[in-house]
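Here's the structure we're looking at; comments come further down.
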Amino acid sequence: MSTTDYEDKELGLKLNLNHQEVIDAWSDRRQQPLWTDNSTLMAPTSALYSGEVPVMDEGRNTRREASVLRYKEKRQSRLFSKKIRYQVRKLNADKRPRFKGRFVKRETT
């Protein structure tokens, strides 16, 4: 395929947008448009940074503190000693043959 064939082939949609009609249609809105007459983008004045640091919601802080407190209480009450809950499991495990601490299958002779 030559470059002339490629240029002749229509690619995509060729839409013509009347910018003035769009501006007129949206002009009755409260918010001022984001563009000026020369079509350069401008940020609305309400979106400008005022230099203030946003304050976190107090309810959020109390929930976080309660969550951290519950975590710390649970951490302190952990039992690190190995407690056997089912005596039958221990008895069965003790009967099984082991090699280097791992269970192995019994050899059939």
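Since every read-out is calculated from the coordinates, none of them should be taken as a lab result. None of the values given here were measured: they were computed from a predicted structure. Counting neighbours? That spans all protein chains shown, and the Cβs are built from the backbone with ideal geometry, glycine included.
Values for this structure:
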read-out	value
Distance in nm between pseudo-label sites at E52 and V68 (7 Å out along the Cβ direction from Cα)	2.6
Residue-count net charge about L69 - beta-carbon cut-off 14 Å; Lys, Arg +1, Asp, Glu -1	+4
